[in-house]
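The values are calculated or read from the model by the stated rules, or taken from the named source; none is laboratory data. Since this is a predicted model, take the numbers as computed values, not measurements. Using ideal geometry, Cβ is built from the backbone for each residue, glycine included, and neighbour counts are taken over all protein chains shown.
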Amino acid sequence: MSHRKRMFEGNDTAISPSLAEQLEAAIPQIFTQPPQKEQTPILTQEVKDYEYRNFTVSLSVANVNLPLGLLQLGIVADSLTIIQADSAFTYTMNNTKNDATAASVGQKEDQMEIREVYINNAALSGNAVIRVVWNPRLIRVR
């Protein structure tokens, strides 16, 4: 039952429905919503103009925190993938104090921005190929 209907029932001194409607029309509505404009949906999509580079590292020489050189190239990568790993090696991302990760072919990192990759290995044989992917159109704000 509406508030207005209850106001008129069982009350001898209640305002008549027509007077209530007149008052309602005369008093400006406080909580009215402005008329809604029809909005055109805006579609956004990240430009997928990705660039990549395959970095080859010789595993026949012992490396301790060997940087791939992303910082010098001005690259902030979105992902890296281990393409080739002829011998065992580990890598650390962004800071040599971070935990090292053992590399395996097909392994992918894509959960953070990658500003640098450091390679660690004993002198064994073969090469490691690491593909680094980045979006040159993406503006990063620090």
**Request:** Confirm whether residue 89 is modelled with pLDDT under 95, more than 30 Å from residue 138 (Cα to Cα) and more than 22 Å from the chain's Cα centre (by Cα).
**Result:** no
**Prompt:** Which ones in the stretch 107-129 are under 23 Å from the mean Cα position of the chain (by Cα) and not basic (Lys, Arg)?
**Reply:** 107, 109, 110, 111, 112, 113, 114, 116, 117
**Single unsatisfied condition, residue 98 versus (1) more than 18 Å from residue 128 (Cα to Cα); (2) at pLDDT 95 or above; (3) surrounded by 13 or more Cβ atoms within 10 Å (Cβ to Cβ)** = (3)
**Fill in**
Within the stretch 79-107, residues assigned to a strand (DSSP E or B) and either touching a Cys at 6+ places or on another chain (Cβ under 9 Å) or free of Cβ contacts under 8 Å to residues at least 12 places away in the same chain (or both) come out as 101
